[in-house]
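Derivation of every value follows stated rules applied to the coordinates shown; laboratory data play no part. A quick note: this is a predicted structure, and the numbers were derived from the prediction, not measured. Cβ atoms come from the backbone with ideal geometry, glycine included; neighbour counts cover every protein chain shown.
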Amino acid sequence: MLTDDIFEGLSPPQQEAVKHSDGPLLIVAGPGSGKTRVMAHRVAYLVRHLHAKPWRILAVTFTNKAARELRERCESLVPELIDSFTAQVLPVRTFHSFCALVLRRKPEHAGLEPGFSIYDDDDQHRTMRRTLEDLEIDPKRFPPRSILSTISSAKNSMIGVEQFASTVETYGDEVVARVYEGYERALHTANAVDFDDLLLKVFQLLSSQQDVLEEYQNRYEYLLLDEFQDTNPLQFQIARLIAERHRNICVVGDPDQSIYSWRHADPANISEFQRLYPDATIVTLDQCYRSTQLILEAADSVIANNSERLEKHLWTENIRGEPVAIAEAYDENEEARLILDEIGKLDEEDIKRGEIAVMYRINAQSRAMETACNQRGVPYRLVGGLKFYQRKEVKDLICFLRLVNNPADDAALERIINVPPRGIGQRTVDELRRAARENGVPLLDVTMSLQGNGNEALTNGAAPYRVQLKTRAINAVSEFAGLMRLLIQQSMTLQPQQLMDLALERSGYLDSVKEDMERGEEKMENLQELLGSAEQFAIDNGAGPEYEPRELLSEFLENVALVSDVDTMDRDGDLGDAITLITLHQAKGLEFDAVFMIGLEEGLLPHSRSIEDLSQVEEERRLCYVGMTRARKRLYMLGAFQRNARRNFAGEPSRFLQEIPESAVTRQRIRGMRRGQRINEPAAIKRAAAVPAAHSAARPRAQYSPGDQVKHAHFGKGVVISSRDFRGDAEVTVAFDGQGVKRLMLNFAPLSKLVTAEEGEPPPRVEKIDPVLDIP
DNA sequence: GCGCTTTGATTTTTT
DNA sequence: ATCAAAGCGC
């Protein structure tokens, strides 16, 4: 019978998780323990046995890709989910896309207009810069990045502007509070939200409007939250609110794979869940179906070093497998070559290229790997890095559409008003913005209201906007306004891809791309791809005559804003021969036959920014653990003796390597290969010479000590007051002649030593220190 | 206003 | 080393 399929091949704990009927459920699922499978089977169980309506089950995953996978697996278990009447009724979404949907439905509930924009990093940054300008705050003293990150933490802790303002303690906080307010105002006039707002606004909506809350509470009978260890308090609160009525909330997670605390994820959510739902059933899935015994043993030994942790041991019935290969290369280039050599061997072991991944801590590490692949003609696919939708030409075109969809979108307007160049320079834009700000209206309003030759602007019948512009500028602006008018008008009938065609044509963008000798062709391809994806989107979403083109446009833009690169990763097929290059973070949830982790050095993994703080090091360890447990059959962990030759960055082998028991490791294979090949090459000689200087951590401190006389490129001569190691660098405090006292980071400061201090000479006294580099 | 050159800052991970 | 913003000449 069909229903028996649901339990077939499931282990007892898996069955328990699937069968659980009502009430809260916590599933602690180790890597490779069949988590997705359990979730899919659970959905099937709810639909088949408990007769839940599919559209009353809300499943929330971390990425769109995970959402798609889960949906597909559910559909293959419960085919009626895909029959024509109930198509796509199973809501599987990310938190962000769920919230976008809620807001899209009733924008006015959250103080938004229909067609509101979702600002990405770039737009946020731009908005922040403008806000600082308006408030006349020096961006050097208050860097946009760091303010944005403060605001982001606030939002994710459910702290709005008012509350933030009421809790300021320092002068700096007060400035940030003002900026926060200004930034929010800018978003509001632009009818835009940032990523965090999607969540925050929905939370505020649900907690303030009882009727809306009840609507969602009644609608969603069952809630499933994937990757629970990486949810943040705000997300959890949204889920909790919605689940309050039925209390059927099932969360799946693994505290050992919590790697997003920097994005405000809080693994304490797991204990919070237990506190909130003391009656919760807890199921632990600790059998690993993915990795070999040795890989698992190695990973388990590494993670066992974390102190803040629930003891948990994975086990497997898989074969013992090959030991984990550990090797040290001379530099990042050799590291890459070693991998490619080894990949050649894996070919013979029947491990497909598409089942091989190279994983690293930071995106910049992909470069050496890419170069090496190109040299040897090894195809690869790079996940992340420069994202498709972030590419200049793609984003330009998107911004035309965004402005059509939301005429208040100032960030979009600023981006494209002079693209391609049409004679609207900084001065003109500044003037338009001044007028817009004075009247509290979006930029496009001012832009559109310019009438012909005067220096006066008229609104649609209302009071005129006064602008001080020369005729030439007014004409240029009017031309742009005309273009936008046309596009907005046409958007009532045209589909997104047709609108894009029109925009490309009429804006002159197409011509400028054709004239671009350097990147024109590439740009053209990207634009074609974007047009193609718009077309595909229209087809997928059943764009028919009854479908409002504007609605389709909104949805397309929302989709564009919320997809990540991992999401689009599996357009496989023709890419089956390519190896995958991916960051450790992005690799979460994926698996490969063979995994090469690179950059296993102190300073990279664990990263230097994390190295001083125990709990941050533990997160780095979890990151390492995530990487290791992606491997099914083979795991390689490589490091380089020296990286980025110019910076002379020499990391010790990562501490995590030492945490792997010797019994699970082989150090022979790769090493021998390198020695044999390189012994007489210049690099090997250089290496020998470099050894004495290798312990770089100790180097800066040794170089500068109190009393030393130094010279700085800008500040001139001075005397060192103190020096200390700081985050892999050294912070040197220097009293400069006539320039005050400055703190300098040695890696950045153009500082040289003139005279070394006498032994025992007391350092000079200082009263006041002017920070040169604000350390966040 | 535009485009080229110079300077100055910048390196973690991303929905 | 690389990229963005500011500066400068046309």
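When A:Glu414, A:Glu620, A:Glu272 are sorted by how many other C-beta atoms sit within 10 angstrom of their C-beta, beginning with the fewest, the order is A:Glu272, A:Glu414, A:Glu620.
Does the stretch A:296-406 come out rounded, prolate or oblate by the C-alpha gyration tensor, with a ≥ b ≥ c the root eigenvalues, rounded set by a/c under 1.5 and, if not, prolate when a/b is larger than b/c and oblate if not? Note, shape of the stretch A:296-406 comes out oblate.
Under a 5 Å amide H cut-off, with hydrogens placed 1.01 Å from N, A:Arg634 pairs with A:Ala594, A:Val595 among residues at least 5 apart or on other chains.
Between the stretch A:335-394 and the stretch A:618-637, the C-alpha centres lie 17 angstrom from each other. Counting only residues at least eight positions apart within a chain, or on another chain, the lysines with an alpha carbon under 16 Å from that of A:Lys345 are A:Lys633. For the stretch A:486-550, rounded, prolate or oblate, judged on the Cα gyration tensor with a ≥ b ≥ c (square roots of eigenvalues), a/c < 1.5 rounded, else prolate if a/b > b/c? Because a/c hits 1.5 or more and a/b fails to exceed b/c, the stretch A:486-550 counts as oblate.
Among the trypsin sites (Lys or Arg not before Pro) found in the stretch A:91-142, those both in a DSSP coil and sparsely packed, with 14 or fewer other Cβ atoms within 10 Å of their Cβ, are A:Lys140, A:Arg141.
Taking other C-beta atoms within 10 Å as the exposure proxy, A:Leu205, A:Leu432 rank A:Leu205, A:Leu432 from fewest upward.
Straight Cα distances below 13 angstrom link A:Lys470 to the aspartates and glutamates A:Glu431, A:Glu456, with same-chain residues fewer than 8 positions distant left out. Cβ crowding within 10 Å ranks A:Arg48, A:Arg427 as A:Arg427, A:Arg48, fewest other Cβ atoms first. Computed from backbone phi, the HN-Hα couplings of the stretch A:106-122 come to 9, x, 5, 4, 10, x, 10, 9, x, x, 4, 8, 10, 7, 8, 3, 4 Hz, rounded to whole numbers (Karplus: 6.51 cos²θ - 1.76 cosθ + 1.60, θ = phi - 60°; Gly and Pro given as x). For the stretch A:278-324, trypsin sites (Lys or Arg not before Pro) are listed when DSSP marks them as loop and at most 16 other Cβ atoms sit within 10 Å of their Cβ; the list is A:Arg309, A:Lys312, A:Arg320. Each residue of the stretch A:179-184 was assigned a 3J(HN,Hα) from its phi angle through the Karplus expression (A = 6.51, B = -1.76, C = 1.60, θ = phi - 60°), giving 5, 3, 4, x, 5, 5 Hz with x at Gly and Pro.
Under 5 Å between amide hydrogens, built in the peptide plane, is the criterion, and for A:Thr666 it picks out A:Val324, A:Ala325, A:Ile326 among residues at least 5 positions away or on other chains.
Among the listed pairs A:Lys717/A:Lys753; A:Lys65/A:Lys106; A:Lys65/A:Lys387, those with a Cα-Cα distance over 21 Å are A:Lys65/A:Lys106. Within the straight-line cut-off of under 12 Å between alpha carbons, the aspartates and glutamates reachable from A:Lys711 are A:Asp737, sequence neighbours fewer than 8 places apart in one chain being disregarded. Quick check on the stretch A:224-374: take the gyration tensor over C-alpha atoms, sort the square-rooted eigenvalues as a ≥ b ≥ c, and tell me if it's rounded (a/c under 1.5), prolate or oblate. Here the stretch A:224-374 falls in the prolate category.
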